[in-house]
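Enquirer: Dumping the structure here so I can ask a few things about it.
The values are calculated or read from the model by the stated rules, or taken from the named source; none is laboratory data. On a predicted model such as this, the values are computed, not experimentally measured, just so you know. Because the Cβ atoms are built from the backbone with ideal geometry, glycine has one as well, and the counts that use them run over all protein chains shown.
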Amino acid sequence: MDFPALVGVGIAAFVATNIDDFFILMVFFARPRFPSSQIVLGQYIGMGSLIGVSLAGSLITLVLPRNLIGLIGLIPIAVGIKELVESHNKGDKEDDEKLVKKLLQSKKTRLPFLTIAAITFSGGEEIGIYTTLFATNNEVESIITLISVVMVLTAFWCFLANYLVRHSFLANVFRSIGSRVIPYVLIGLGIYILAEAFLMV
């Protein structure tokens, strides 16, 4: 995969797997007792842990042929279909936010970044998607590129969440667009991985 395509896939994967976390970040930024520096630190620790686990999972590339590895492109397709089905349950994301707010209200967190890191790491979909990407793009340069994309977008995600906390109308628009588009982005990502493994020879 050439560099621009790899960056594009990395961006699509990040946005698709972190759209829910984005609104959780907004909840944190809206809480005065969670300093911005602690939120950013926790987000990076959580994302770094997800990347580490995904890299470990991608080691299957050492023992499996490339075409067989390409089949894990079915993972983002399955996740996309799941998101598409669940998008009809409009209360899901609201329930997630209520759960986070309840957590924040019920506990006096002395190390806020650990709470944020734990919540960021708790998503299983990220591991499945990034394991797929690292398994199908296992050259050192490709891995470094994908990790760099994640690190840069993590900073942008934190900045944007903090900004939108002060502009609730924009946040609602972002949520509406994201919930409708993301399932198709995931399905498209999976199809791209399958096509690269089986057709681009």
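Enquirer: Give all pairs with beta carbons closer than 7 Å in which a residue from the stretch 12-31 that is closer than 12 Å to Val185 by Cβ meets a residue that is in a helix (DSSP H, G or I) and charged (D, E, K, R); count only pairs at least 6 apart in sequence or on separate chains.
Expert: Thr17/Glu125; Thr17/Glu126
Enquirer: Among the residues of the stretch 133-150, write down those that are outside any helix (DSSP H, G or I) and either surrounded by fewer than 17 Cβ atoms within 10 Å (Cβ to Cβ) or free of Cβ contacts under 8 Å to residues at least 60 places away in the same chain (or both). Give the derivation first.
Expert: So in the stretch 133-150, the residues outside any helix (DSSP H, G or I) come out as 137-139.
If the condition is that a residue be outside any helix (DSSP H, G or I) and either surrounded by fewer than 17 Cβ atoms within 10 Å (Cβ to Cβ) or free of Cβ contacts under 8 Å to residues at least 60 places away in the same chain (or both), then Glu139 is the only one that fits.
Enquirer: Can you tell me which of Leu6, Leu59, Leu41 is within 17 Å of Val140 (Cα to Cα), at pLDDT 85 or above and in a helix (DSSP H, G or I)? Please lay out each step first, then the result.
Expert: On the way: Leu59 fails: at pLDDT 85 or above; Leu41 fails: within 17 Å of Val140 (Cα to Cα).
Just one listed residue meets the conditions, Leu6.
Enquirer: Would you check if there is a residue in the stretch 124-132 being surrounded by fewer than 14 Cβ atoms within 10 Å (Cβ to Cβ) and at pLDDT below 80? Outline the logic, then answer.
Expert: At the first step, the residues of the stretch 124-132 found to be surrounded by fewer than 14 Cβ atoms within 10 Å (Cβ to Cβ) are 124.
From the residues that got through so far, the ones that are at pLDDT below 80 too are 124.
Checking the stretch 124-132: at least one residue is surrounded by fewer than 14 Cβ atoms within 10 Å (Cβ to Cβ) and at pLDDT below 80.
Enquirer: At negative phi, assigned to a helix (DSSP H, G or I) and at pLDDT 75 or above, is that true of Leu170? Let's see the steps before the verdict.
Expert: On the way: at negative phi: yes; assigned to a helix (DSSP H, G or I): yes; at pLDDT 75 or above: no.
No; evaluated as a whole, the condition is false for this residue.
Enquirer: Restricting the stretch 100-123 to residues that are among the hydroxyl-bearing types (Ser, Thr, Tyr) and either modelled with pLDDT of 70 or more or under 17 Å from Val79 (Cα atoms) (or both), which is surrounded by the most Cβ atoms within 10 Å (Cβ to Cβ)?
Expert: From the stretch 100-123, those among the hydroxyl-bearing types (Ser, Thr, Tyr) are 106, 109, 115, 120, 122; that's our starting set.
From the residues that got through so far, the ones that are either modelled with pLDDT of 70 or more or under 17 Å from Val79 (Cα atoms) (or both) too are 115, 120, 122.
On the way: Thr115: 20, Thr120: 23, Ser122: 12.
Checking each candidate, the answer is Thr120.
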